[in-house]
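Read the structure below first, then the notes.
Each reported figure results from applying straightforward, stated rules to the coordinates on display, with no laboratory input. Owing to the predicted nature of the structure, the values given are computational and were not obtained by experimental measurement. Reconstructed Cβ throughout: ideal geometry from the backbone, glycine too, with neighbour counts over all protein chains shown.
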Amino acid sequence: MTVRELQDQIIKLKKETNTAILAHCYQAREIVEIADLTGDSYKLSVDAKSTDAENILFCGVHFMAETAKMLSPQKHVYLANKHAGCPMAEQMDAEMISALREADPDRTVVAYINTTASLKTVCDVCVTSSSALKIVKALDTDKILFIPDCNLGDYVRRQCPDKDIKLLNGGCPTHAKITVSEVLAAKAEHPDALFLVHPECTPKVVELADYVGSTTGIMDFAKKSDAKEFIIGTETSISEHLQYDCPDKKFYPVTKDIVCHNMKLTTLPDIYNALKGISGGDGDAFEILMDDELISKARRCIDEMIRLGG
Ligand code: 13P
Ligand code: SF4
């Protein structure tokens, strides 16, 4: 079967099964093409709530499907590849953060959405890369513990000098591996290009940026900009999607190995197989199952994120 034939089968099956496919922008081009909704973590969490479909098939990583389930508990939510997890989401757990809360009870715990549902139950508010700064500024407290990403936390802290923001040593292994010398080499090779960077990168890399923003923020900036060339400091898919969307501009990934292998685990055959399972056929759909107590406890900080960030 060709890629196009498989995409056609998927489009037919998603209609038959009343399934909406939600794909994070780090998914491969052929997946984004058959998705009903695409975007960054914030956009997908909000859109997951508004879709009328009975089933949601998530192409991304586990915490994203979990968030969609918490926001739409009446729907069946599936993860297209059950092995796709975010390493950052596993770096800290509820026990560890509860102990820190007890030791320092005046601090508001702000959790990046890249965390497990279980960890969210002991946090006060979630943020995504696009909403973190706005939400931290909006909080009526100055004492904050920001987890788990110290790079995103540092980016927020620099812009909120009046707040006492404590960080822990967590972060995204994919973004953290972009080095200053790689950025300088890319800038030397493309001297007219603007450098657009995700705040999960290290502070020294972020300092070199012309624009800092979430996945969707970077894409919107590049589309609206009058500039013609861009060095992209985030997962390589973004350069590829932008090149399709803006054929008259040029996009260069800062290096070709900024790949999130977890995001890239999902394939078109996984999606086909999951839809077959949803249809009651001989496929294998991995459903996100969560008990009501976990949903209601973990959801509080997601609702708070939407209230403050929307
Ligand atoms: P955003 O989707 O908020 O840009 O975050 C990027 C990311 O690494 C998701 O896991
Ligand atoms: Fe997690 Fe980083 Fe991959 Fe996003 S890019 S899913 S934060 S490892």
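A few comments on the model shown:
- Segment 78-113, subset closer than 22 Å to Ala35 by Cβ and in contact with an Asp or Glu (Cβ under 7 Å, 6 or more places away or on another chain), residue farthest from ligand 2 (Cβ to nearest atom): Tyr78
- The set of residues in segment 60-75 being more than 12 Å from ligand 2 (Cβ to nearest atom) and either farther than 19 Å from Cys86 by Cα or not aliphatic (A, V, I, L, M) (or both) consists of Glu66, Thr67, Lys69, Leu71, Ser72, Pro73, Gln74, Lys75.
- Residue that is farthest from ligand 1 (Cβ to nearest atom) [pool: residues in segment 60-85 that are among the small types (Gly, Ala, Ser) and over 21 Å from Cys301 (Cβ atoms)]: Ala80
- Scanning segment 181-204 for residues being under 20 Å from the mean Cα position of the chain (by Cα) and either surrounded by 23 or more Cβ atoms within 10 Å (Cβ to Cβ) or in contact (Cβ under 8 Å) with a residue 60 or more places away in the chain (or both) gives a total of 6.
- A residue that is under 17 Å from Val110 (Cα atoms), touching a Cys at 6+ places or on another chain (Cβ under 7 Å) and within 16 Å of ligand 2 (Cβ to nearest atom) occurs somewhere in segment 187-208.
- Cross-chain or 6+ apart pairs with Cβ under 8 Å, segment 225-240 first and within 20 Å of Thr38 (Cβ to Cβ) and in contact (Cβ under 8 Å) with a residue 40 or more places away in the chain, then among the hydroxyl-bearing types (Ser, Thr, Tyr) and assigned to a loop (DSSP other than H, G, I, E, B): Glu235/Tyr26; Ser237/Tyr26; Ile238/Tyr26
- Any hit, segment 215-236, residues being on the phi > 0 side of the Ramachandran plot and either assigned to a loop (DSSP other than H, G, I, E, B) or hydroxyl-bearing (Ser, Thr, Tyr) (or both): no
- Note on segment 114-131: residues that are within 16 Å of ligand 1 (Cβ to nearest atom) and not in a strand (DSSP E or B) total 10.
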